[in-house]
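Chemist: Structure provided below as structure tokens; questions to follow.
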Amino acid sequence: MAQARMSRKKPAPAAVKAPPAQHVARGDGLAASTPGTTLGSLRENAGARPKRTRVGRGHGSGMVKTGGEGGKGQTVRSGGGKGPAFEGGQTPWARRLPHKRGYSQKARDIGHFRTTYAVVNLAALADWDAAVEVSPESLIAKRLLSKAPDGIKILGGNKGGKTLPSGLRFRDVVFSASAREALTAAGADLGDDEGATTPASGSPA
């Protein structure tokens with residue numbers, strides 16, 4: 001029975017011989033297939049072997065003292081540190097001020113709360129054409145102003161003693177008390193903003 005089973009097995013296929021390797025002369029091979037490339041010029045890709053961090057090897061290594069571990073306590077915690085108003089533990093500036101409820105914010109910070117006007121003296125309007133309305137756009141177009149941050153204020157300065165043309169019309173400007181008085185006497189139309197009178201001082205308010 002065992003002989004019958006053995007007789008049924010297929011004969012093993014004959015081994016296929018591999019073709020003989022092509023002979024490469026000494027000095028050929030890689031250099032011949034890729035001109036300019038030799039085994040001595042092969043390098044790994046950039047960043048494939050990062051430089052090992054050497055801790056505690058002098059100040060030039062950047063890993064002295066804490067060795068890259070940082071400090072302890074406040075500087076280690078996530079979100080820790082000191083805020084911009086921290087003053088070393090003393091009472092901060094915002095708490096030292098005599099704050100009172102309801103006081104004006106305009107007295108604190110000029111850049112954020114105070115209104116900044118571009119000023120024009122009455123002497124600059126002596127040669128103004130009465131047919132043209134005096135407005136922020138026309139004043140900038142006439143190059144009497146370069147910009148109007150929060151508005152335009154007409155001041156009563158008239159050093160040259162120049163006379164104002166009659167019939168001037170104004171729009172979207174405010175006036176000092178002296179300027180309003182002089183323009184009203186000259187018969188000017190101050191526009192709808194009759195109540196916008198600012199102090200007569202020369203500084204913008």
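Chemist: Modelled label-to-label distance, Phe86 and Ala126, 7 Å Cα→beta-carbon offset: nm?
Modeler: 6.1
Chemist: Also, I was wondering about something else. In terms of the Cα gyration tensor, with a ≥ b ≥ c the square roots of its eigenvalues, is the stretch 118-197 rounded because a/c is under 1.5, prolate because a/b exceeds b/c, or oblate?
Modeler: rounded
Chemist: Order the peptides 171-179, 149-157, 42-50 from the highest to the lowest mean number of other Cβ atoms within 10 Å of their residues.
Modeler: Those peptides, ordered most packed to least, come out 171-179, 149-157, 42-50.
Chemist: Using the basic label-point model (7 angstrom from Cα toward the beta carbon), what is the Leu42 to Thr184 distance in nanometres?
Modeler: Between Leu42 and Thr184, the label points sit 9.8 nm apart.
Chemist: If you add up the charges near Ala124, with Lys and Arg at +1 and Asp and Glu at -1, over every other residue whose beta carbon is less than 12 angstrom from its beta carbon, what do you get?
Modeler: Residues close to Ala124 contribute a combined charge of +3.
None of the figures in this text is laboratory data; all of them are computed from the coordinates on show. What you see is a predicted model; the values in this text were computed from it and never measured. Backbone-built Cβ (ideal geometry, glycine too); neighbour counts: all protein chains shown.
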